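**Q** Structure incoming, see below.
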Amino acid sequence: MYVAKRVRCRYLCEKLKMVSKKYTVNGMTCNGCAGTVNNIIKMQKGVESVDVHYPENTAEVSFNESLISEEKIKEVVQMMGYSLN
Ligand SMILES: [Cu+2]
């Protein structure tokens, strides 16, 4: 009983740290770029979902702020030659 309650609390606490943010992606020139950006973000621990659109140049990312920071996501995108803002 006690354990079940704790698990539920942890689940809720983690839920609360889930955020969804929309960014502009700079540097994409084709759908392949969108795929690259999408994959690198998706690979990061703490990222729940990502949706990159080309030629709109947008990225919608849902992630858990207790597991990954926005700065880290921006950093990995930059490593691939693109940028998020
Ligand atoms: Cu491309």
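**Q** When the stretch 44-67 is examined, which residues are found to be assigned to a strand (DSSP E or B) and either free of Cβ contacts under 8 Å to residues at least 24 places away in the same chain or crowded, with 17+ Cβ neighbours inside 10 Å (or both)?
**A** VAL47, SER49, VAL50, ASP51, VAL52, HIS53, ALA59, VAL61, PHE63
**Q** Tell me, which residue of the stretch 25-78 that is aliphatic (A, V, I, L, M) and more than 16 Å from the ligand (Cβ to nearest atom) is farthest from TYR11 (Cα to Cα)?
**A** VAL76
**Q** Further, regarding this structure: Pull up the stretch 33-43, narrow it to residues that are among the hydrophobic types (A, V, I, L, M, F, W, C) and over 12 Å from VAL76 (Cβ atoms), then point me to the one that is surrounded by the most Cβ atoms within 10 Å (Cβ to Cβ).
**A** Restricting to residues being among the hydrophobic types (A, V, I, L, M, F, W, C) and over 12 Å from VAL76 (Cβ atoms), the top hit is ALA34.
**Q** Let me ask something else about it. If we keep just the residues of the stretch 11-24 that are touching a strand residue (DSSP E or B) at 6+ places or on another chain (Cβ under 8 Å) and of a type in the set (A, V, I, L, M), which is farthest from the ligand (Cβ to nearest atom)?
**A** Ranking the qualifying residues of the stretch 11-24, first place goes to MET18.
**Q** A further question on this structure: How many residues does the stretch 60-82 contain that are within 12 Å of the chain's Cα centre (by Cα) and aromatic (Phe, Trp, Tyr)?
**A** Of the residues in the stretch 60-82, 1 are within 12 Å of the chain's Cα centre (by Cα) and aromatic (Phe, Trp, Tyr).
**Q** Quick one: count up the residues across the stretch 10-43 that are on the phi < 0 side of the Ramachandran plot and in a loop (DSSP other than H, G, I, E, B).
**A** 5
**Q** Inside the stretch 14-42, can you point out the residues that are free of Cβ contacts under 8 Å to residues at least 24 places away in the same chain and under 23 Å from SER66 (Cα atoms)?
**A** Once the filter is applied, which keeps residues that are free of Cβ contacts under 8 Å to residues at least 24 places away in the same chain and under 23 Å from SER66 (Cα atoms), the stretch 14-42 yields LYS15, LEU16, ASN38, ASN39, LYS42.
Taken together, the values in this text are just the output of simple stated rules run on the coordinates, not laboratory data. Just so you know, these numbers come straight off a predicted model, no measurement behind them. Here the Cβ is made from the backbone with ideal geometry for all residues, glycine too, and neighbour counts use every protein chain on show.
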